[in-house]
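Here is the structure we will look at, set down as structure tokens.
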């Protein structure tokens, strides 16, 4: 969503359209693009953390029976 | 969560970042270097503020540091797993050797030295650079797989109630 709605229009301005605007305008577009990319990074980091937690839980849930039998807490 | 898992997990994420950027270089960067001298003049102009080298010079040592920490924290509790982590670190050190011995001389030709050779010469250097990068990607992928296997084992070993179990001593 962020890529299509926010970055694609800003990709077009410096990389496809004629460069007829003042330099400050392009500087502002690049700054906005970088700020939006920081948000994408934050979203991806969140996804990585969620995947890592899921992987840990799956690894524990699918551990061989002899390992699971030692789990006395019941919480995974 | 414990230091065994945290250090290995961070090393895994950083290695995966290295893998992604390595693939990106082969898919996006290398093809754009072909067509010298114009392509290389543009590439030199584009990298006027930072360049991929600055990124890798920060990320690679950080990855190796966390891998080293993972080896230290897993050395005693998981004797079988330690060699997976040592192998992963060896793979990343091997990518450094390739970078310094193979890629740096080619980087100098492509991005620093005056472009006085015929275009075919530079295209050949770019092709060699890309092939060398595939080797780096393969080594990094190996490290990622080894770290992933280690993470799964650590997760199982550190299941609440398992720590110090007799089952673990058999590994």
ask   = Kirkwood hydrodynamic radius of the stretch B:3-169 from all distinct Cα pairs, in Å?
value = 17.5
ask   = Arranged by the count of other C-beta atoms within 10 angstrom, fewest first, what order do B:136, B:44, B:82, B:156 take?
value = B:44, B:82, B:156, B:136
Convex hull per residue volume in Å³, alpha carbons only, for the protein assembly as shown = 144
ask   = For the stretch B:90-143, what is the per residue volume of the convex hull drawn over the alpha-carbon atoms, in cubic angstrom?
value = 56
request  = For the stretch A:2-63, just the Cα atoms, rotate onto the principal axes and tell me the three extents in Å, largest first.
outcome  = 62, 17, 13
Distance in nm between pseudo-label sites at residue B:135 and residue B:44 (7 Å out along the Cβ direction from Cα) = 2.7
ask   = Among A:26-32, B:6-12, how do they line up from the highest to the lowest mean number of other beta-carbon atoms within 10 Å?
value = B:6-12, A:26-32
key: Theoretical ellipticity at 222 nm over chain B - DSSP helices of four or more residues, -39500 (n - 2.57) apiece, nearest 500   = -25500 deg cm²/dmol
ask   = Does anyone have the angle between helix B:79-98 and the longest principal axis of chain B? Alpha-carbon axes, 0 to 90°, nearest 10?
value = 10
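Let me check against my output: what whole-number percent is the relative contact order of the stretch B:3-169, with C-alpha pairs under 8 Å and at least 6 apart? Don't skip to the answer; put the middle values down first.
Values: 145 pairs, mean separation 65.9, N = 167.
Relative contact order here is 39 percent.
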ask   = Working out 0.36 nm times the residue gap between residue B:90 and residue B:72, then minus their Cα-Cα distance, what length gain in nm do you get to one decimal?
value = 5.0 nm
remark   = If one compares the long axis through the Cα atoms of helix B:52-75 with the longest principal axis of the Cα atoms of chain B, the angle in degrees, nearest 10, works out at 20
query = How crowded by other chains is B:146-155, given as the mean number of beta carbons from other chains within 10 Å of each beta carbon?
reply = 3
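Does the stretch B:5-85 come out rounded, prolate or oblate, given a ≥ b ≥ c as the square roots of the eigenvalues of its C-alpha gyration tensor, rounded meaning a/c under 1.5 and, failing that, prolate meaning a/b above b/c?
Details: a/c = 4.61, a/b = 3.03, b/c = 1.52.
Verdict is prolate for the stretch B:5-85.
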inquiry  = I need the peptides B:116-127, A:8-19 ranked by packing, meaning the mean over residues of other C-beta atoms within 10 angstrom, with the highest value on top.
reply    = B:116-127, A:8-19
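Throughout, read-outs are computed from the coordinates displayed, never taken from laboratory work. From a predicted model like this one, the values you see are computed outputs, not experimental measurements. Note: ideal-geometry Cβ built from the backbone for every residue, glycine included; neighbour counts use all protein chains shown.
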